[in-house]
1. For the stretch 147-252, what class follows from the C-alpha gyration tensor (a ≥ b ≥ c being the square roots of its eigenvalues): rounded when a/c is under 1.5, otherwise prolate if a/b is larger than b/c, else oblate?
2. Just to be sure I understand the curve: with the Debye formula and one point per C-alpha of the stretch 5-147, what is log10 I(q)/I(0) at q = 0.19 Å⁻¹?
3. Scanning the chain for helices, which whole DSSP H stretches are 18 Å or more long along the axis (Cα) and average -0.5 or more by Kyte-Doolittle?
4. Taking a point 7 angstrom from the Cα of H166 along the C-beta vector, which residues in the stretch 180-202 have backbone N less than 13 Å away?
5. Using the charge dipole of the chain (Lys, Arg: +1 at Cβ; Asp, Glu: -1 at Cβ; taken about the Cα centre), state which of L241, N12, C310 has its Cα farthest towards the positive end.
6. Take peptides 63-73, 338-348 and line them up by average Cβ neighbours within 10 Å, highest first, as a rough protection proxy.
7. Aspartates and glutamates within cross-link reach of K99: Cα-Cα under 18 Å, excluding same-chain residues under 8 positions apart?
8. For E383 and E451, FRET efficiency with R0 = 35 Å and r from the beta-carbon atoms, rounded to 0.05?
Amino acid sequence: MKHPALLIRGVNWLGDAVMSLPALRRLMEGRDAVIVARNAGYQLYKAFFGDSLPVLEDVKGFKRRLSLIRTLTGFPLEKAYLLQNSFGAALIALLSGVKERIGYARDARGPLLTGKFKPSPNFLNAHEVFYYLNISAPPGAPLPEYSYPSVPEDLTGDKVSLEGVHEDLPDALKADLVLACAPGAKFGGAKKAPLELYARALDLVLEERGGGSVLILGGAEERGDAAALRGMIKKGRALDLSGRTSVRQITKTLSRTTLLLTNDSGLMHLGAALNIKVLAFFGPTSPITTGPASPGNALVLRSKPPCAPCFKGECPLKNRVCFNGVSPEEALEKASRLLEPKSILPEKRAGIIYAPSPPPELSALPECRDILPLPSAAPGDLEELLSREFLDPAFTVLIADDLETLKKLNSRVGHTVLSLGEKVPENLVQDGFLPHMTAPTPGFALAYARELVRRLLSAS
């Protein structure tokens, strides 16, 4: 590595690492880079990028940290982008001699940064993928690029071997319906939907679809839950793969499944990045900030108790209430929706509607010329616009900066994007209505909607 390079301090949790991928790809475009992370984040970055650039592990301990700093000083590092929020990440970048250190001014590390981002309320309340993208955007860029978290193609092909994972796995993957199930969650037990709910939901889907196979996924620490769940499933053939797969192997396995049933977990985000169909159970966390970033192929199930989202690892209540309102029958209904083939109607087209209209800073841009304004939030006016412009509702994205507008019009279009800007509804996370995506700014909302339309059309 001869040319000036970037130091990218990635994040440590699997799901966070997946959500950081669009930011990493933007930062590394045409640049050499060194990535540093820990735990499952390190494993994911190593699997995804380790063949083409250095991916180093940040291991706790004074001597190991000192060794990491010595290694980093051997690279021609020009800038450091600190996606992780910790003080230690900024200190390591400083001690490694990196002159420009860019990141969010959190965890008392502001004095160590040369480029400081303030975590404004709209970014903290939007989807986490934008939180990372924000510090990778050029200053003053009016319309940032957006790309979904995605997986390198070579990790889903024949380059990755599944040999030794499970002797029955090749046959299970040949079934017409392959259901993956991820009943664990590293964050804590509060995020885990009851195993009985999983088992009954899986049985109902298998029964409706005429059979298939089930793959139970997770880490070694989740083997107990996986074994218990396998014993509860009455339909189809269930294989317990918990603790048997590397990041590369679990990525390839997931890419060959039909539908993933999961908690809010790293495997949920990995499934979304693979663009497979994902049905996610949410309890104490918020699908607005950490939902599966694949709205064309993902749905969320939650019961919305008054105490959620509490973001606690373990529920303090004697009787957990997070999943009381979620039924196996509702899971079947949403799974059936996901599994139904989608194609655009004849003589119709996809489109983006902005209610009431794009803000002035966007409306003058060439990219906004084909954005249709909707001055009124009346359902009849939306129906008239869809008809007049020959739009297929299922392939139309509605953007608005008002939660009530989206709630009123949601049933008439396939996808909705809430643009927060400086407005963050007080009841956003408690509200029963879920926008398909919550973006922090009008520019991000529009960039996301454009990418969503492209993705929908390519899959139809």
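Values in this text are rule-based calculations from the coordinates and carry no lab data. Note that the structure is predicted; figures quoted are calculated from it, not measured. Heads up, the Cβs are rebuilt from the backbone with ideal geometry, glycines too, and the neighbour counts pull from every protein chain shown.
1. Since a/c reaches 1.5 but b/c is at least a/b, the shape of the stretch 147-252 is classed as oblate.
2. Log10 I(q)/I(0), no solvent term: -1.17.
3. Span-like helices, by this rule, are 195-209, 442-459.
4. 180-183
5. The residue sitting farthest along the positive end of the dipole is N12.
6. 63-73, 338-348
7. Of all the aspartates and glutamates, those that pass the test against K99 - Cα under 18 Å, at least 8 places apart if same chain - are D32, E78.
8. Here the calculated transfer efficiency is 0.85.
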